[in-house]
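Presented below is the structure to which this report refers.
The values are calculated or read from the model by the stated rules, or taken from the named source; none is laboratory data. What you see is a predicted model, and the numbers here were worked out from it, not measured in a lab. Note: ideal-geometry Cβ built from the backbone for every residue, glycine included; neighbour counts use all protein chains shown. Heavy atoms of the whole protein, side chains included, go into the accessibility calculation; ligands, DNA and RNA do not. Shrake-Rupley method; radii C 1.70, N 1.55, O 1.52, S 1.80 Å.
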Amino acid sequence: MYKELNTSNRILMGPGPSDAHPRVLKAMSTPLIGHLDPEFVTIMDEVKSMVQETFITKNHLTFVVSAPGSAGMETCLVNLLEPGDEVIIGINGVFGGRMADIAERCGAKVHKVVVPWGTIISTNDIKKALDICPKPKLVALVHAETSTGALQPLKEISNLVHNAGALLMVDAVTSYCGVELKVDDWDIDAIYTGTQKNLSAPPGLSPVSFSDRAVKVLENRKTKVQSWFLDLSLVKNYWGGAKRAYHHTAPVSSVYALRESLRIVLEEGIEERWERHQKVHQVLKTKLENLGFEYLVEEQYRLPNLNSVFLPEGNDEALLRSILLNKYNIEVGGGLGDFAGKIWRIGIMGESCTLNHVNMLISALEDMKEFKR
Ligand SMILES: *Cc1c(COP(=O)(O)O)cnc(C)c1O
C-alpha cells in the first residue's frame, strides 16, 4: 500500500513556490461548493476586485486564469496576436525567451531584443528595435526576470511603446506584491502574474488584466484565438458579465486560497509589503556578502525578493544545495541556462520574506562544514 502523504517541513527560499501562510492553507480546506453557486460567484467577484486593487488598476477585464503563470503568459499572447503581427520581445533570461516562443507559435513575426542575462533592456535598446520595426502590435517585457534576479524599469519604455502605437505587455509573475508595480500609472496594457511567488498561495492560478486599449484589439480580431481554453471572448463571461455561464470548472479550493492570500496582502498594505521586501533584502545582502557571496545583477537593477549570487570560490553549489535541503530543510534555487552550476537564486517572497528566514539560511551556512567562505 502507498503510505499516507508525509512531506518534510521545508523552508522555501527558492524562486517559488514560497511558504504559504497557515491562513491560506486553512482556507484551502474549506468545504467545496459548486462553482456556479451564488456564494462562489460572490467569491469570484471579491477575488477580481482584490486583484484590481493589488495590480493598482481599474481595468474592467481583470480576472484569474485557472492555470499557472505560464498560462497567463499564453493567455495574453494568444489573444492579442494574430498570424503575421509584428512584435518586439525583450529577452534577458528564461521568461523573455518563453514569451518569444509562444508568440512565434501564434504566427507572429518576432523581433527579439537580446541582452546578456543579468542585465536589463534599456530604453535605447527598445528605440533601436523600433527603428527596425516601427509599428509593432505589442512590446513585451519581463518586469522581474526570475532566472537572473534583474528588475526591468518600465515607465520610460511605456511612453516609447505607446508613442509607436503599440501595446505594452508585462510579465509580473515575480514582481507582483513584492516590488513596486502600478498597472494604470505605468500604462500597462496586458499583464499576468502567478500565485506562488510573493502572494504565497499555492501554484496554479494566474491573475491577468487588460487595458481598454487591449480590449479594442481583442474585439477587432479577424481570426479565432488558436486556444479554446484561453480564448478571452469565451472565458470573460465566466469571470464577469451579467450572466455567469459555464466555461470550465474553476479550481474552487485554489480560488479560496488566492482569496485569503489577497486579504493578507491588503491587510498588510501593498506599499508596506514592497517596503518589507526591500528591508529584508538589505539584511540578507549584508550577511551574504560577509560570507563571500557576490551578486550577479548591478545594484540599481537588483530584485529584492530574488537574490542571484555567485558562491565564494571553491564551493560545489549542487552539493551545498542538497545538504541545505536534506539536512537543514531549506530550499534555495540553482542557476538556469548559462548560470547553471554557477549561482544560487535565493527567494525571499511573501511569507518567506522575514528576518527569521534570513537567519535560518545564514546560520545553516555557518554551521555547514562543507561550506568554504
Ligand atoms: C515563475 C515564472 C513564470 C511562470 O510561472 P509558472 O507558475 O511556473 O507557470 C513566468 N514568468 C516569470 C518571470 C516567473 O518567475
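Computed quantities for the displayed model
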{"read-out": "Neighbour net charge for residue 369 - beta-carbon separation under 15 angstrom, K R +1, D E -1", "value": "-1"}
{"read-out": "Cα Rg, Dmax (largest Cα-Cα span) when computed across segment 22-266, Å", "value": "17.5, 56"}
{"read-out": "Heavy-atom surface of segment 22-266, accessible at 1.4 Å and reported per residue (Å²)", "value": "39"}
{"read-out": "Cleavage-rule hits, GluC sites (Glu not before Pro), segment 271-373, DSSP coil, Cβ neighbours within 10 Å at most 15", "value": "298, 313, 370"}
{"read-out": "Fraction of beta bridges assigned by DSSP in segment 126-232 that are antiparallel (%, nearest 5)", "value": "40"}
{"read-out": "Cα centroid of segment 27-42 to Cα centroid of segment 149-227, whole Å", "value": "28"}
{"read-out": "Neighbour-limited loop hits for GluC sites (Glu not before Pro), segment 61-165 (at most 15 other Cβ within 10 Å; DSSP other than H, G, I, E, B)", "value": "none"}
{"read-out": "Cβ-based net charge around residue 85, under 13 Å, with every Lys or Arg adding one and every Asp or Glu removing one", "value": "+3"}
{"read-out": "Per-residue SASA entry for residue 227, accessible area with 1.4 Å probe, Å² rounded to 10", "value": "20"}
{"read-out": "Residue 39 paired with residue 286, simple spin-label distance in nm, labels 7 Å along Cα-to-beta-carbon", "value": "4.9"}
{"read-out": "Gain on full stretching of the segment that runs from residue 356 to residue 226 - 0.36 nm per residue minus C-alpha separation", "value": "42.1 nm"}
{"read-out": "Per-residue [θ]222 nm for the chain (sum of -39500 (n - 2.57) over DSSP H runs n ≥ 4, rounded to 500)", "value": "-12500 deg cm²/dmol"}
{"read-out": "Full-extension gain in nm, residue 212 to residue 29, via 0.36 nm per residue minus C-alpha separation", "value": "62.2 nm"}
{"read-out": "Length-normalised contact order for segment 96-207 - Cα pairs under 8 Å, 6+ apart - percent", "value": "19"}
{"read-out": "The chain: antiparallel DSSP beta bridges as a percent of all, rounded to 5", "value": "50"}
{"read-out": "Whole-angstrom Cα spans of segment 241-373 along principal axes, big to small", "value": "63, 30, 28"}
{"read-out": "Within-9-Å neighbourhood charge of residue 325 [Cβ basis; K, R +1; D, E -1]", "value": "+2"}
{"read-out": "Per-pair calculated FRET efficiency, R0 = 30 Å: residue 272 and residue 249 via Cβ, rounded to 0.05", "value": "0.25"}
{"read-out": "Largest-first principal axis extents, alpha carbons of segment 95-156, Å", "value": "30, 25, 19"}
{"read-out": "Length gained when the stretch residue 338-residue 363 is fully extended (0.36 nm per residue, less Cα-Cα span)", "value": "6.1 nm"}
{"read-out": "Residue 46 versus residue 1: modelled label distance in nm, points set 7 Å from Cα along the beta carbon direction", "value": "3.8"}
{"read-out": "Neighbour cut-off at most 16 other Cβ (10 Å), DSSP loop, trypsin sites (Lys or Arg not before Pro), segment 1-49", "value": "3, 10"}
